[in-house]
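Read through the structure below, which is laid out as C-alpha cells, and then see the notes.
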Amino acid sequence: MTFFLQFLIDVLALGGAYALMALGLVIVYGILRLVNFAYGELIMVAGYTMYLASGSGLPWLVMAAVAVFMAIMAGITTDYVAFRPVRAKSVTAVLITSFAFSTLLQNAALLFISPRPRNTPLPEVFSQTIQFAGVITPARNLITIAAAIVMLALFSWLIRRTVLGIAMRAAATNFTMARMLGVPANLIISSAFAISGLLAGVVAMLWIGRIGAVVPGIGLEPLLIAFIATVIGGMRSLQGAVLGGFLLAFMDTTLNFTLPQELLKFRDAFTFSLVILILLWRPQGLIKGPATGQRT
Amino acid sequence: MLEISGLQVAYGAVRAVRDVSLNIAEGDLVALLGANGAGKSSTLMCVAGALPAAAGLIRLDGQDVTSARPETMARKGVATVPETRDVFPDLTVGENLLLGAYIRRSDTQGVAEDRAKMFDMFPVLAERRAQAAGTLSGGEQQMLVIARAIMSRPRILLLDEPSLGLAPTIVDRIFEMISVLKRSGLTILLVEQNASKALTVADRAYVMRLGRVEAEGTATEIAAATDLRSLYLAG
C-alpha cells in the first residue's frame, strides 16, 4: 500500500509536469500544424528571469509571477519573430526560423550570462520533505501535483467555456472557416503562443525547482518530453497531450522502480522502445483528435 | 451594394476565374449558375476574402475590399456558407452558433435572442444543441451552417451550393428558408448548379462558363432565353 502510494505520487508529480509541457506544445501545433522548436527556450527565459530577479529581495511568488510573465512575453515574441513573417510561405521556412530563434536565445544566454549553471532562488518548502501514511516524499512533488491540477482546470475552463477558447478549438479544425466568421487569425495565434508561454513558465518553476539552477540548454529536455508525449497521445488532441504526458511519466517511473541499478542509465532506451511499440500499434497517437483541417 | 469588375482568381498557373463582373443591389437575390469548374465557387470565396484576387476589383458599398482578409469581410457584414458545409465537427451545435455571432459577441442579449430565433426556425438544432456538430446529418449540418451565418446579422449572405448532396425534400426546405431570408430583406449571392431550382427564388442571375460570365439578366429572362441544359453540357 505504502509502495503503491509512493509510486502514485511519483507518477502524478512527474506526469503533471509532463502534461503541462505537452499541452504548451500542442496548443500551438493544433492551430498552426507547426511544432514550435523554440518552446524549450520559454522555460529557459523563465529560469534566467528567476536568476536575474534573485538579488531583488522580492518574495519568491512575486519573482515567479514575473518569470511566468516573461515566458508569456517570450512566447508572443516567438510568434512575431519566427512565425508571423514566414507563416504563409512554407513549412520548411517556419521550421528553420523556429530553430534559429531557439539557437539565438540560447546563445544570448551563453554570451550575456554564462555557459555555467546559475542558481535560482527556491522557496524553503521546495526542499522540505513531507511524511504521511508512511510515505516520505519531497513537498515539491505535492506542489507539482497541485499546480498541475490548477493549471489543467484553468486550461480546460479557458478552452471550453470562453469565446476565445471555443474560437481556438474551431480554428484548430478549420482555420479559414473560423476567419470567415470574423475570428481574427492573428489574435488566435498570438493567444496560442501566450498560453504556451504561460504553461512553459509554470513548468519552468516546477522543473527548475528540482535542481535550483538554470543553464542555457535547460529547455532541451522539456521540449523532447513534450514532443514525445504529444506524439504518443496524438499530435492534434489536447486530451491526447495530457494523456501522453501521464503515460510517459508512468513508463519512466515504472522503469525507475523496476530496472536494476546497472541498467538504469539506459532508461531512456527502454522508454523509447515502448514509445516505438505504441506508435506501431497506433501511428496516429492514442487519441486521434479532430477531423481534417488545413494549414493556414 | 456589391460590385465585382474584371475579377480574376488563380490557383498557381491555373486561372479558375478569368473575367467576372457582376452587381448585386441591396435586397436582391442573385444566382450565379454554371457547370462544375466554371469558377462560381472561386468567385464566391474570393468575395469572402478566403482567396486572393489575381486581378480586378471588388467593392462593397463603393469601398474597395479586393483581397481583404476574411475576418475583415465578416466584420463588414459578409457572411459565408461554403460549399464544403464547414461545421466545426467537434464543437457542439450551440458552440457553432455562438461562434457565428463572434463579431457581435458583446451584445449578449441580442445573441441570445437570435439563438432562440434560430432554434424556432430549426427545431432540430434546438434538440441537438449539446451534441457535437459532426454527428448531425448532411441536411442538419447545412441548416446549422446557414443558421450560424445568420447569427452574425449579415448584410450579404454568400451561399455556395446549399443543395449539394442533399435529398430532394431537404433541398426543398433549404430553398424555402432561402426565400424566407430573402423576404426579410437580406441580400444574397447564391451559387448553384441546380439552375432551375435557383431561378425560382432569384431576382437576377448570371451564368458562368470557363471562368467568364456568359449571360446575365433577370431570373425569368435567363430561364426563358438560355437553354440551360446546353449550357451545362457544353461546358
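What the table shows:
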item: Residues located in region A:132-172, provided they are of a type in the set (D, E, K, R) and touching a helix residue (DSSP H, G or I) at 6+ places or on another chain (Cβ under 8 Å); result: A:Arg140, A:Arg160, A:Arg169
item: Qualifying residue in region B:54-62 (condition: surrounded by fewer than 21 Cβ atoms within 10 Å (Cβ to Cβ) and within 10 Å of chain A (Cβ to nearest Cβ)); result: no
item: Qualifying residue in region B:69-78 (condition: away from chain A (no Cβ under 14 Å) and more than 21 Å from A:Ile159 (Cα to Cα)); result: no
item: Residue that is nearest to A:Leu34 (Cα to Cα) [pool: residues in region A:94-126 that are in contact (Cβ under 8 Å) with a residue 24 or more places away in the chain and of a type in the set (Ser, Thr, Tyr)]; result: A:Ser98
item: Region B:124-142 - residue that is assigned to a loop (DSSP other than H, G, I, E, B) and of a type in the set (A, V, I, L, M, F, W, C) and, of those, surrounded by the most Cβ atoms within 10 Å (Cβ to Cβ); result: B:Leu136
item: In region B:95-110, the residues that are crowded, with 18+ Cβ neighbours inside 10 Å and at the interface with chain A (Cβ under 10 Å from one of its Cβ atoms); result: B:Glu95, B:Asn96, B:Leu98, B:Leu99, B:Gly100, B:Ala101, B:Tyr102, B:Ile103
item: Residue in region A:113-120 that is over 29 Å from A:Leu8 (Cβ atoms) and surrounded by 22 or more Cβ atoms within 10 Å (Cβ to Cβ) present; result: no
item: Sole exception among (1) facing chain A (nearest Cβ under 9 Å); (2) hydrophobic (A, V, I, L, M, F, W, C); (3) out of contact with any Leu (no Cβ under 8 Å at 6 or more places or on another chain) for B:Ala130, by number; result: (1)
item: Qualifying positions in region A:156-187 - facing chain B (nearest Cβ under 9 Å), among the β-branched types (Val, Ile, Thr) and in contact (Cβ under 8 Å) with a residue 60 or more places away in the chain; result: A:Thr173, A:Thr176
item: Within region A:106-120, considering residues that are of a type in the set (S, T, N, Q) and out of contact with any Gly (no Cβ under 9 Å at 6 or more places or on another chain), the one nearest to A:Val45 (Cα to Cα); result: A:Asn107
item: Residue count for region A:66-94, restricted to those that are of a type outside the set (S, T, N, Q) and exposed (fewer than 15 other Cβ atoms within 10 Å of the Cβ); result: 5
item: Members of region A:186-226 that are over 16 Å from the mean Cα position of the chain (by Cα) and surrounded by fewer than 20 Cβ atoms within 10 Å (Cβ to Cβ); result: A:Asn186, A:Leu187, A:Ser190, A:Ile211, A:Gly212, A:Ala213
item: Among (1) touching a strand residue (DSSP E or B) at 6+ places or on another chain (Cβ under 9 Å); (2) within 19 Å of B:Met177 (Cα to Cα) - the single one B:Gly139 does not satisfy; result: (1)
item: Residue identified as closer than 25 Å to B:Leu181 by Cα and either among the charged types (D, E, K, R) or crowded, with 18+ Cβ neighbours inside 10 Å (or both) among B:Ala31, B:Ala38; result: B:Ala31
item: The listed residue being buried (at least 16 other Cβ atoms within 10 Å of the Cβ) and either over 27 Å from B:Ala13 (Cα atoms) or modelled with pLDDT of 90 or more (or both), out of B:Ala195, B:Ala224; result: B:Ala195
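The values are calculated or read from the model by the stated rules, or taken from the named source; none is laboratory data. Note that this is a predicted model, so its numbers are computed, not measured. Positions of Cβ are generated from backbone atoms using ideal geometry, with glycine treated the same way; all protein chains shown enter the neighbour counts.
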